[in-house]
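Visitor: Encoded as structure tokens, here's the structure I'll be asking about.
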Amino acid sequence: MLETWGEAENMSQYENMVKRQRKWMLYLLSILVLGAALTPYKHIFFGLLLGSTVSFYNLYLLQRKIDDFSEAVVKQTRPKGLGMISRFAAAALAVILAIRFKEHVDMIAVIIGLMTSYLVIMLDFIFYRSKE
């Protein structure tokens with residue numbers, strides 16, 4: 001377990017950051033669903049939705065692997081990797097789906113959507129760092 005109060009406070013900050021990032025990704029996904037349902041640019045919004053959904057999944061995987069990694073470091077055991085291959089495979093699956101359904105999904109939008117979790121991470125950092 002955690003040794004000092006400072007470490008517990010940092011873990012709490014990390015957990016809050018994870019919750020904020022997941023919350024922002026869910027907001028973004030709901031906006032994309034509304035865009036796909038209500039605008040005439042369905043193929044673009046479907047591409048953004050596909051890419052952003054895979055990006056959210058990859059964000060979830062990365063956060064879970066970081067939790068496992070930090071737990072292994074605290075227990076002083078050999079940590080497992082951060083799951084790069086599984087995240088690449090998910091991104092490749094999104095691209096394959098976009099190619100398969102190219103008449104309904106815009107490929108450029110899928111690629112932009114795959115980057116949304118990184119945008120959310122950066123914006124979260126900028127926004128909450130400026131508050132301090």
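Visitor: In the set [x] 1.24; [y] 1.13; [z] 1.01, which value of Cα Rg over 2.2 N^0.38 Å was calculated from the structure you see?
Guide: Checking each listed value against the structure points to [x].
Visitor: Additional query: Please list, by residue number, every one of the GluC sites (Glu not before Pro) in segment 5-98 that is coil in DSSP and has at most 12 other beta-carbon atoms within 10 Å. Each step should come with its number before you reach the end.
Guide: On the way: sites: GLU7, GLU9, GLU15, GLU71; in loops: none.
In loop regions of segment 5-98 (DSSP not H, G, I, E or B), there are no sparsely surrounded GluC sites (Glu not before Pro).
Visitor: For a Förster distance of 35 Å, can you work out the FRET efficiency between the beta-carbons of ARG129 and ILE96, rounded to the nearest 0.05? Please report the intermediate quantities before stating the final value.
Guide: On the way: r = 37 Å, r/R0 = 1.06.
Efficiency, rounded to the nearest 0.05: 0.40.
Visitor: Order of ARG78, ARG100, ARG87, ARG20 from fewest to most other C-beta atoms within 10 Å? Walk me through the numbers on the way to the answer.
Guide: Details: ARG78 7, ARG100 10, ARG87 18, ARG20 14.
Result, fewest neighbours first: ARG78, ARG100, ARG20, ARG87.
Visitor: Which whole-number percent gives the relative contact order of the chain, counting Cα pairs below 8 Å spaced six or more residues apart? Provide the component values of the computation, followed by the final result.
Guide: Details: 124 pairs, mean separation 43.5, N = 132.
Relative CO of the chain lands at 33 percent.
Visitor: Using modelled backbone amide H atoms (1.01 Å from N, in-plane), which distant-in-sequence or interchain residues come within less than 5 Å of HIS104's amide H?
Guide: Long-range HN contacts for HIS104: none found.
Visitor: Something else about it: If we count other beta carbons within 10 Å of each Cβ, what is the order of LEU49, LEU93, fewest first?
Guide: Working: LEU49 22, LEU93 13.
Going from sparsest to densest Cβ surroundings: LEU93, LEU49.
Visitor: Something else: When the helices in the chain are scored as -39500 (n - 2.57) per DSSP H run of 4 or longer and the sum is shared across all residues, what 222 nm value do you end up with, to the nearest 500 deg cm²/dmol?
Guide: On the way: 5 runs with 108 residues, N = 132.
So the calculated ellipticity at 222 nm is -28500 deg cm²/dmol.
Visitor: Right, here's the next one. Within the chain, which DSSP H helices have Cα atoms that stretch 30 Å or more along the helix axis and a mean Kyte-Doolittle hydropathy of at least -0.5?
Guide: Numbers: long enough: 5-38 (49 Å, -0.04); 42-74 (47 Å, 0.54).
For the chain, where a helix must reach 30 Å along its axis and average at least -0.5, the hits are 5-38, 42-74.
Visitor: Applying 1/(1 + (r/R0)^6) with R0 = 35 Å to the Cβ-Cβ distance of ASN16 and TYR41, what FRET efficiency is obtained, to the nearest 0.05?
Guide: It comes out at approximately 0.50.
Visitor: Rank these for me by crowding, LYS75, LYS131, LYS65, going from fewest to most other beta carbons within 10 Å. Let's see the in-between values first.
Guide: Values: LYS75 10, LYS131 5, LYS65 18.
In increasing order of surrounding Cβ atoms, one gets LYS131, LYS75, LYS65.
Taken together, the values in this text are just the output of simple stated rules run on the coordinates, not laboratory data. Note that this is a predicted model, so its numbers are computed, not measured. Here the Cβ is made from the backbone with ideal geometry for all residues, glycine too, and neighbour counts use every protein chain on show.
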